[in-house]
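Remarks on the structure that follows.
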Amino acid sequence: MSPHKSPNIIKYCVITSTAAIVLIAISLIPVSRKASYWNRCLDKTVRWINEKEKDLKGWDKEAKESLAVAVCNGAVYEPKLQIKEFTSTTK
């Protein structure tokens, strides 16, 4: 190997590494936007639950966040909550 090829190899490795890092950073932009949108949805939903729903005052923080996760993931389509009480029927 000639002494002049070594600097070229290093230069190509640096260029390739830089290009790969730039492409990875660009590909992460849509994911970070979606995560930011989802985090805002979660915060707003938890705030809404705390302010508007009087029936949920007894729920702990984890239960309210679990409901907010379901809303932000699309499992709950309306912000109107229907709570069913279960009665046991044992004879």
Q) With all protein chains present and a 1.4 Å probe, how do Thr45, Thr18 order by accessible area, largest first? A) Thr18, Thr45
(Q) Need one number: the % of Cα-Cα pairs in the range 22-62 sitting beyond the 11 Å mark. (A) 70 percent
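The values are calculated or read from the model by the stated rules, or taken from the named source; none is laboratory data. Model, not experiment: these values are computed from the prediction. Calculation scope for accessible area: heavy atoms of the full protein, side chains included, ligands and nucleic acids excluded. Shrake-Rupley method; radii C 1.70, N 1.55, O 1.52, S 1.80 Å.
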